[in-house]
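**Student:** One structure is given below, represented as structure tokens, and several questions about it will come after.
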Amino acid sequence: MHRLGALCLLLCLVPAAQAQKRYPLPYPPQLPGGRAHVIHQDAAFLKPGPNLRPGVKIAETPPKVDFMYYPKQDYPGNPWSFRGVGTVRGDKYYSALCDHLAPRGTAYLFEYDATKKSFRLLVDTAKFLRASGQIPPSQIYSPGEIQTRIQFGRDGWLYYGTTRGSTRATNDANGFRGEWVLRTHPVTTKTEVVAAYPVPKHCHLASVLDPKRMIFYGGTAAGDYRVKDVRFFAVDARTGKVLKVAKNGFDRYAIFAPDSGRVYWEGRRYDPVTNTITPSAAPHVRSATQATPDGRVYGTSHRSAALWMFNTKTETLKHVGEGAVGTQGYVTAIHVDPTGRYLYYLPGAHGGASKDGTPVVQYDTRTRTRKVLAFLHSFFLDRYRYNLDGCFCSVLDPKGEKLYLSWDGWREGQPGPRMESAALTVVHIPPSERRP
């Protein structure tokens, strides 16, 4: 080979060799300098992402944004992500990080203290289930997700349900018998079983808790992925007694009316007083806010960002407006502020948000206008080589000042699943952007 050609070949091979040494990136993911968190407030957050639709506004003041990685990511997940919507009490945010491993997986329930900017592990679900004897040594299967909501009961405990990390894992060969409804006390970190296998051989896809009447409502899927069988169930959260099981349950979310205790989903209504399911005007519910004092619940259906409002007092449905701000429309968590005026959400929940710049959206129900509070993707990619691409789990604090977003993302250049690591951002909404 000619000397010049050999030199060119050598120069081409050096970057490839360097890339092989650099990737795959190690676990756990870390910020530069080993920092636990970073805080930014930058005009770059207001730089429009691609595909912005006409008529969509952009905030005038950039928010302050806290960013950090979740603990316990000491090994590759399959992938690391969030599937259940958490909750906030005071300055503490509760969410469940899932490794999705199968047939042996786990989910970690965390408390994040926004004042101290620190995490506290409340429970490793698989470890608890095995240590408590719920999973015998001979059973291979352990749940790899918490896909339900995580909600406080009036007793101060957090209630939630487990589910599988893979649809192929819930079978007899792995010892699958069903899933668990659990509760964890955030102060003592004590965890207890509320109900084991309320619907045998089924997984828990969704839930809603009635904190006053202490009823845990769930939506399931058959363990055999080939069987399309979604069940509704109601469990007394105090005793674990199964109150009702019925076909045609809710598969992702449900509307809850705190005054009556009724639950609504896709043309159905459950009444705890009569313990019956009857027809209703409710749409398919993929995401839904809590009810406002006058009974308004806002939400989305399927993978569309078209916003609707269901009034739980009149049981009427109304189209509100288009919620998408770019190409992405899939919304899995939506929140209403204490005034009932502003909605907060992030389109592109299952990945794809980065295509639109990862916009954090505020919708004004009074003027029916969409406003992007921040485009997060480019900033965190440029600074930390991290892609904020999907968010199933977001929660607005009770004052309407902070939006917690748990991210399914990945470090740039990491091979394997795109959702290979999980992060948290706390978006501090400027007062000027949420005028009454």
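The values are calculated or read from the model by the stated rules, or taken from the named source; none is laboratory data. If you're wondering where the values come from, they're calculated on a predicted model, not measured in any experiment. Reconstructed Cβ throughout: ideal geometry from the backbone, glycine too, with neighbour counts over all protein chains shown. Areas reflect the complete protein model, heavy atoms only, side chains present, ligands, DNA and RNA absent. Shrake-Rupley method; radii C 1.70, N 1.55, O 1.52, S 1.80 Å.
**Student:** (1) more than 29 Å from Asp155 (Cα to Cα); (2) part of a strand (DSSP E or B): which one isn't true of Val235, the others all being true?
**Tutor:** Status for Val235: all satisfied but (1).
**Student:** Could you list, in sequence order, all residues of region 237-276 that are in contact (Cβ under 8 Å) with a residue 40 or more places away in the chain, in contact with a strand residue (DSSP E or B) (Cβ under 9 Å, 6 or more places away or on another chain), charged (D, E, K, R) and over 24 Å from Ile146 (Cβ atoms)?
**Tutor:** The answer is Arg262, Arg269.
**Student:** From the list Gly90, Gly77, pick out the single residue that is open to solvent by 10 Å² or more (accessible area, probe 1.4 Å), on the phi > 0 side of the Ramachandran plot and not basic (Lys, Arg). Working first, answer last.
**Tutor:** Values: Gly77 fails: on the phi > 0 side of the Ramachandran plot.
One residue alone meets the criteria, Gly90.
**Student:** Here is a follow-up. Taking the condition open to solvent by 10 Å² or more (accessible area, probe 1.4 Å), more than 24 Å from Val331 (Cα to Cα) and part of a loop (DSSP other than H, G, I, E, B), does Lys72 pass?
**Tutor:** yes
**Student:** Kindly provide the set of residues from region 274-283 that are touching a Ser or Thr at 6+ places or on another chain (Cβ under 7 Å) and either crowded, with 17+ Cβ neighbours inside 10 Å or not in a loop (DSSP other than H, G, I, E, B) (or both), ordered by number.
**Tutor:** Answer for region 274-283, where residues must be touching a Ser or Thr at 6+ places or on another chain (Cβ under 7 Å) and either crowded, with 17+ Cβ neighbours inside 10 Å or not in a loop (DSSP other than H, G, I, E, B) (or both): just Pro283.
**Student:** State which residue pairs qualify: first residue without any contact (Cβ under 8 Å) to a residue 60 or more places away in the chain and inside region 206-220, second residue part of a strand (DSSP E or B) and among the charged types (D, E, K, R) in any location, beta carbons under 6 Å apart, and separation of 6 or more residues or different chains.
**Tutor:** Thr220/Arg231
**Student:** Looking only at region 113-131, how many residues end up being among the polar types (S, T, N, Q), over 18 Å from the mean Cα position of the chain (by Cα) and open to solvent by less than 10 Å² (accessible area, probe 1.4 Å)?
**Tutor:** Of the residues in region 113-131, the ones among the polar types (S, T, N, Q) are 115, 118, 125.
Okay, now just the ones that are also over 18 Å from the mean Cα position of the chain (by Cα), so 115, 118.
Right, trim to open to solvent by less than 10 Å² (accessible area, probe 1.4 Å) and you get none.
Within region 113-131, residues that are among the polar types (S, T, N, Q), over 18 Å from the mean Cα position of the chain (by Cα) and open to solvent by less than 10 Å² (accessible area, probe 1.4 Å) number 0.
**Student:** Give all pairs with beta carbons closer than 6 Å in which a residue from region 42-70 that is closer than 22 Å to Glu401 by Cβ and in contact (Cβ under 8 Å) with a residue 60 or more places away in the chain meets a residue that is assigned to a loop (DSSP other than H, G, I, E, B) and of a type in the set (S, T, N, Q); count only pairs at least 6 apart in sequence or on separate chains.
**Tutor:** Partner pairs satisfying both residue conditions: Pro62/Gln41; Lys64/Gln41.
**Student:** With respect to the numbered conditions (1) open to solvent by 20 Å² or more (accessible area, probe 1.4 Å); (2) within 25 Å of Gly156 (Cα to Cα); (3) among the β-branched types (Val, Ile, Thr), which one is the sole condition not fulfilled by Val230?
**Tutor:** Failed condition: (2).
**Student:** Condition (residue is under 19 Å from the mean Cα position of the chain (by Cα), small (Gly, Ala, Ser) and open to solvent by less than 50 Å² (accessible area, probe 1.4 Å)) applied to region 251-271: is it met by at least one residue?
**Tutor:** Yes, because at least one residue in region 251-271 is under 19 Å from the mean Cα position of the chain (by Cα), small (Gly, Ala, Ser) and open to solvent by less than 50 Å² (accessible area, probe 1.4 Å).
**Student:** Being of a type in the set (Ser, Thr, Tyr) and touching a Pro at 6+ places or on another chain (Cβ under 7 Å) narrows it down to one of Thr163, Thr191, Thr184, Thr220, so name that one.
**Tutor:** Thr163
**Student:** Regarding region 132-151, can at least one residue be identified that is in contact with a Pro (Cβ under 6 Å, 6 or more places away or on another chain), open to solvent by 10 Å² or more (accessible area, probe 1.4 Å) and of a type outside the set (Gly, Ala, Ser)?
**Tutor:** Checked region 132-151: at least one residue is in contact with a Pro (Cβ under 6 Å, 6 or more places away or on another chain), open to solvent by 10 Å² or more (accessible area, probe 1.4 Å) and of a type outside the set (Gly, Ala, Ser).
**Student:** Additional query: Step by step: first the residues of region 93-112, then only those that are among the charged types (D, E, K, R) and open to solvent by less than 20 Å² (accessible area, probe 1.4 Å), then the one that is nearest to Thr191 (Cα to Cα). Which residue is that?
**Tutor:** Ranking the candidates gives Glu111 first.
**Student:** What about Asp66, is it of a type outside the set (Gly, Ala, Ser) and surrounded by fewer than 17 Cβ atoms within 10 Å (Cβ to Cβ)?
**Tutor:** No; evaluated as a whole, the condition is false for this residue.
**Student:** Quickly run through region 238-273 and pick out the residues that are under 15 Å from Gly295 (Cβ atoms), assigned to a strand (DSSP E or B) and of a type in the set (D, E, K, R).
**Tutor:** Once the filter is applied, which keeps residues that are under 15 Å from Gly295 (Cβ atoms), assigned to a strand (DSSP E or B) and of a type in the set (D, E, K, R), region 238-273 yields only Arg269.
**Student:** Okay, next question. Taking the conditions exactly as written (over 21 Å from Gly240 (Cα atoms), out of contact with any strand residue (DSSP E or B) (no Cβ under 9 Å at 6 or more places or on another chain), open to solvent by 40 Å² or more (accessible area, probe 1.4 Å) and not acidic (Asp, Glu)), does Arg168 satisfy them or not?
**Tutor:** Against the criterion (over 21 Å from Gly240 (Cα atoms), out of contact with any strand residue (DSSP E or B) (no Cβ under 9 Å at 6 or more places or on another chain), open to solvent by 40 Å² or more (accessible area, probe 1.4 Å) and not acidic (Asp, Glu)), Arg168 qualifies.
**Student:** Moving to a separate point now. Can you give me the ranges of the strands (runs of 3 or more DSSP E) entirely in region 82-122 with at least 2 residues that are modelled with pLDDT of 95 or more and within 16 Å of His204 (Cα to Cα)?
**Tutor:** The strands (runs of 3 or more DSSP E) meeting that bar are 92-98.
**Student:** Search region 348-364 for residues being in contact (Cβ under 8 Å) with a residue 40 or more places away in the chain and either in contact with a His (Cβ under 7 Å, 6 or more places away or on another chain) or of a type in the set (A, V, I, L, M, F, W, C) (or both), and hand back the single one that is farthest from Ser406 (Cα to Cα).
**Tutor:** Result: Gly357.
**Student:** Could you tell me which of the residues Leu396, Leu424, Leu405 is open to solvent by 10 Å² or more (accessible area, probe 1.4 Å), touching a strand residue (DSSP E or B) at 6+ places or on another chain (Cβ under 7 Å) and either without any contact (Cβ under 8 Å) to a residue 40 or more places away in the chain or within 15 Å of Leu346 (Cα to Cα) (or both)?
**Tutor:** After ruling out the rest, the residue left standing is Leu396.
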